[in-house]
Amino acid sequence: MAKFVYRMENILNIKYKLEEQAKQEYMTVRVRLNEEEGKLNALQNRKQEYFAQYRDLLKERLDVLQIETCKEAILLMDEYIATQEQVVARIEEELELAIAKMKEAIKERKIHEKLKEKQFEIFLQELNQEEMKEIDQLISYQYNHSSDQEE
């Protein structure tokens, strides 16, 4: 029996590798985004703690130095949060690009898989036709050979 050989198998293998690389890149960016979002949440929580401390200081006896220190810490946290939000936004853009790249790699791989499937179907049809031809020849030979013996 003939063996099916897809002549663009090397291209399909490259598409698989490109898809895997795109998935790895996506996962790397996703992990970075999660880390940066975690940092942002930590900064926001820290700001809330400073704000709660600030309110408590205003309720207690007035210690201007502590109140100013706490107020400065809150303002500093606002700056850190704004910077971290920019980092998160930039990584989200990277993530969108990674998703688009991954989708494109998957699409290309699927196209080549479809081509391989169609070529395999054609191969099976040709193989079937060849087998039918051989069977017809065998039957013709047997018929002709048996009719020769009867005479």
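The values are calculated or read from the model by the stated rules, or taken from the named source; none is laboratory data. These figures come from a predicted structure and were not determined experimentally. When we count neighbours, we look across all protein chains shown, and the Cβ atoms used for this are built from the backbone with ideal geometry, even at glycine.
Here are the numbers for the structure shown:
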read-out: So TYR50, is it at pLDDT below 95, in a helix (DSSP H, G or I) and of a type in the set (Ser, Thr, Tyr); value: yes
read-out: ALA82 being within 30 Å of LEU18 (Cα to Cα), hydrophobic (A, V, I, L, M, F, W, C) and surrounded by fewer than 14 Cβ atoms within 10 Å (Cβ to Cβ); value: no
read-out: Hits in the range 95-114 (condition: in contact with a Leu (Cβ under 8 Å, 6 or more places away or on another chain) and under 22 Å from GLU36 (Cα atoms)); value: LEU95
read-out: Residue match in the range 68-83 (condition: aliphatic (A, V, I, L, M), within 30 Å of LYS15 (Cβ to Cβ) and at pLDDT 95 or above); value: no
read-out: Residue ID - surrounded by the most Cβ atoms within 10 Å (Cβ to Cβ), chosen from residues in the range 91-116 that are among the acidic types (Asp, Glu), under 22 Å from MET8 (Cβ atoms) and touching a Lys or Arg at 6+ places or on another chain (Cβ under 9 Å); value: GLU108
read-out: Qualifying residue in the range 65-73 (condition: exposed (fewer than 11 other Cβ atoms within 10 Å of the Cβ) and in a helix (DSSP H, G or I)); value: yes
read-out: Meets criteria (modelled with pLDDT of 95 or more, loosely packed, with under 13 Cβ neighbours inside 10 Å and either of a type in the set (A, V, I, L, M) or closer than 30 Å to GLU126 by Cα (or both)) for ALA22; value: no
read-out: From LYS133, LYS110, LYS101, LYS114, residue being over 39 Å from the mean Cα position of the chain (by Cα) and either touching a residue at least 12 places away in the same chain (Cβ under 8 Å) or part of a helix (DSSP H, G or I) (or both); value: LYS133
read-out: Unique match (being of a type outside the set (Phe, Trp, Tyr), out of contact with any Asp or Glu (no Cβ under 8 Å at 6 or more places or on another chain), under 30 Å from LYS110 (Cα atoms) and in a helix (DSSP H, G or I)) among ASN45, ASN41, ASN13; value: ASN13
